[in-house]
Amino acid sequence: MRAIVVLGRVLDPAGIVVNRRAGRIFVNREEYILPPADRCALEAAMRIKDATGCEVIALPRALFPDDDVLRQALAIGADRAIYLSGRGPDCADDAFMASVLAAAIRQLGGADLVLTGATTLDTGWTQLGPRLAEILDWPQILDAWQVEVQDSMTVVQAVVPADGGYALAEADLPALVTIAAGALKLRYPNGVRLINVYRGIGAVAEALERWEWQTLLEERPTPVLERRGQEFPPERERGVRVSGSAAEMARAVAGALRQRLGR
Amino acid sequence: MDFTFSPEHRALRRMIREFVENEIAPLAAELDRTHRVPFETMRKLGEVGLLGVCFPQEYGGMGAGEIGYCILMEELNRVCTSTGTNVGAHIGIGAMAIYLDGNEEQKRKYLTPLARGEKIAAFGLTESGAGSDAAAIRTRAVREGDSWILDGGKVFITNGGYADIVTVMAVTDPALGARGGVTAFIVETQWPGFKVAREEDKMGIRGTSTAEIVFEELRVPHENVLGKVGEGFITFMKALDMGRLTLGAACIGGAEMALESAVRWAKTRKQFGVALAHKQAVQWMIANMATEIEALRSLVYRVAWMVDTGQPFTQLAAMCKLYGSEVASRAIDMALQIHGGLGFTRDFPIERGFRDARIGEIYEGTSEVQRIVIASNIFREHGVRIRP
């Protein structure tokens, strides 16, 4: 069995200061981290590897300038990682990347399961998983909190939010599952693997391959988004404090909502 | 010159930062309050390979070198000086003595489980009558066939209450003194004749075991002589050199914690209508702290690089320990002053940091001993041999 885990990177929020008044983001420390949801996807992949002995291959969520997130995945315990190199379009959105990743998976000879984060921390994009599943024509389970492979590795089961609670969703393999941020705690890397993969020593370093993304596709995919500039989202308005009994507070909330909606 | 950390050391710091924030920081106040050694944390540190961070991979270590070890000590002490001290005594002096002067068999048998965190080490040097004057030890080792019989005791031994292996310095030829008459031994604490006499009740680093240990006709096989018979003093001084450097790194962490707390407090605490950050008296303290920390960081990591590249560093290691411990003490003192009365309470980690920092100027060679080491080296270069 082969599981693919798709991982991104995001500027560490602890190293930046947002100054809305100046209209700028000040980067005090340029350090990139694995986004929370992708960390959970990696942990889900490792747990499935622990349970089934499957091969785990890490792929990048975007065309990154370096392979750091893939080295992190190898240090954690992924068996292989493919760095996709080459210049992409100005806005390499999820539609573009889904096509590139589908081609990479075909180049790998297919897979049984793809795991990735349900959303990204910086852009809040959520489309990569669904778009990739559509291209691969696989079933998809979104926003899972727990994933297990069942029945001699033919079925994936996942716990997903439903109607204010949780439901057990099931799909035949091959399938794609996106994992919610905060679902699982990522294990720590193995120290020796960490040092060796960054120093380029031994089997763990050799497990990092470099592919030119343009060689994977005959036609260059077209992004659906176009970058026209960037500005801060509108400032969040102050809330209304309500007090009193439950009924009084409910009436106050309803009144505030009516007023806000102009009804 | 290149002052940047390598990619593996940046990744190592990221891993350690995450580990200490998740596993160690939440325990720090409780360890201090209950005077408890965090055995569970030591086990977890061993599982991820951090208890062998600087040792070669062939002996169960991570192979991250002295720079990697300094990163570990800096990050540990940023959140918990007690855990940093436990780890420092284990890696920096206890296991380090075996790494530096152990033979191949000793490294396989003892260093490997220590580097993997399966066993914990301590370093047995100080005695009640031999503190700064380490050469005045009285613990005696007498040869008997293929063994040595140890009698005596050690005090202020970090990890002493629970270590599995202790590297011990004992007198083997009283006539020769420290130069030729002292030998280092690897002692397993499960052997008959090894006893833990008492645990110290300390002002700071209360999440550590500081024990008095006693040897009563303790039989040590000759194969457990560490280095050569009569050269134990040299072995121990080499281990202490390494320990002093990494204590300097530990002090970066302690001082950094003080600075971070002081900045956070100065941003939020308002007096006379403005945040303390706008007061020049506070700004100067913050500026002084930050400047000293940067100077210390430059010194410590340069010396760590010298160790990793095989250059002599004894004098500089003493400077790391001397300057580091005094920078850390000054930083926590200023942070407490900025916090005012609240910093004096146990509601803030500053109070614990203040008590923890004080030992830095005492253990593994007092500031006065470090000055002796530094001055001796300087005068030796000018043809003068000074006596302590």
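Out of B:178, B:197, B:184, B:170, which single residue is outside any loop (DSSP other than H, G, I, E, B), surrounded by fewer than 21 Cβ atoms within 10 Å (Cβ to Cβ) and small (Gly, Ala, Ser)?
Criteria check complete, one pass: B:197.
Say whether the condition of being polar (S, T, N, Q), without any contact (Cβ under 8 Å) to a residue 60 or more places away in the chain and not assigned by TED's automatic domain parsing to the domain that holds residue B:207 is met by at least one residue in segment B:97-116.
yes
Are there any pairs with C-beta distances below 9 angstrom linking a residue in segment A:151-169 that is farther than 21 Å from residue A:47 by Cα to a residue that is of a type in the set (Gly, Ala, Ser), with the two at least 6 apart or on different chains, and if so which?
The qualifying pairs are A:162/A:169.
If you go through segment B:253-263 one residue at a time, do you hit one that is within 18 Å of the chain's Cα centre (by Cα) and surrounded by fewer than 23 Cβ atoms within 10 Å (Cβ to Cβ)?
Within segment B:253-263 (the criterion being within 18 Å of the chain's Cα centre (by Cα) and surrounded by fewer than 23 Cβ atoms within 10 Å (Cβ to Cβ)), the answer is yes, since at least one residue qualifies.
I need a count of the residues in segment B:29-68 that are farther than 29 Å from residue B:350 by Cα, more than 10 Å from every other protein chain (Cβ to nearest Cβ) and surrounded by fewer than 20 Cβ atoms within 10 Å (Cβ to Cβ).
Final tally of qualifying residues: 2.
Does residue A:244 satisfy the criteria of being surrounded by 10 or more Cβ atoms within 10 Å (Cβ to Cβ), modelled with pLDDT of 90 or more and within 14 Å of another protein chain (Cβ to nearest Cβ)?
No, not satisfied.
Can you find a residue in segment B:90-104 that is assigned to a helix (DSSP H, G or I), in contact with a Gly (Cβ under 6 Å, 6 or more places away or on another chain) and within 30 Å of residue B:7 (Cα to Cα)?
There is at least one residue in segment B:90-104 that is assigned to a helix (DSSP H, G or I), in contact with a Gly (Cβ under 6 Å, 6 or more places away or on another chain) and within 30 Å of residue B:7 (Cα to Cα).
Would you be able to tell me the number of residues in segment A:95-150 that are acidic (Asp, Glu) and within 19 Å of residue A:213 (Cα to Cα)?
0
Here is a list of conditions, (1) over 21 Å from residue A:181 (Cα atoms); (2) over 17 Å from the mean Cα position of the chain (by Cα); (3) within 14 Å of chain B (Cβ to nearest Cβ); (4) not polar (S, T, N, Q), and residue A:67 meets all of them except one; can you say which number that is?
(2)
What number goes with the only condition from (1) surrounded by fewer than 18 Cβ atoms within 10 Å (Cβ to Cβ); (2) within 14 Å of chain B (Cβ to nearest Cβ); (3) touching a Leu at 6+ places or on another chain (Cβ under 9 Å) that residue A:204 does not pass?
For residue A:204, the failing item is (1).
Can you tell me which residue is farthest from the other protein chains (Cβ to nearest Cβ) among those in segment B:1-28 that are buried (at least 17 other Cβ atoms within 10 Å of the Cβ) and over 22 Å from residue A:71 (Cα atoms)?
B:28
How many residues does segment A:154-178 hold that are modelled with pLDDT under 90 and either touching a Ser or Thr at 6+ places or on another chain (Cβ under 9 Å) or not assigned by TED's automatic domain parsing to the domain that holds residue A:126 (or both)?
Within segment A:154-178, residues that are modelled with pLDDT under 90 and either touching a Ser or Thr at 6+ places or on another chain (Cβ under 9 Å) or not assigned by TED's automatic domain parsing to the domain that holds residue A:126 (or both) number 0.
In segment B:148-189, how many are within 24 Å of the chain's Cα centre (by Cα), over 13 Å from residue B:137 (Cα atoms) and not hydrophobic (A, V, I, L, M, F, W, C)?
Of the residues in that region, 9 qualify.
Can you tell me which residues in segment A:28-52 are free of Cβ contacts under 8 Å to residues at least 40 places away in the same chain and away from chain B (no Cβ under 13 Å)?
A:50
Which residue is farthest from the other protein chains (Cβ to nearest Cβ), if the candidates are limited to segment A:154-196 and must be more than 27 Å from residue B:22 (Cα to Cα) and out of contact with any strand residue (DSSP E or B) (no Cβ under 9 Å at 6 or more places or on another chain)?
Selected residue: A:163.
The values are calculated or read from the model by the stated rules, or taken from the named source; none is laboratory data. Here the structure is a predicted model, which means the values were calculated and not measured. A quick note on method: Cβ atoms are made from the backbone with ideal geometry, for glycine too, and the neighbour counts reach across all protein chains shown.
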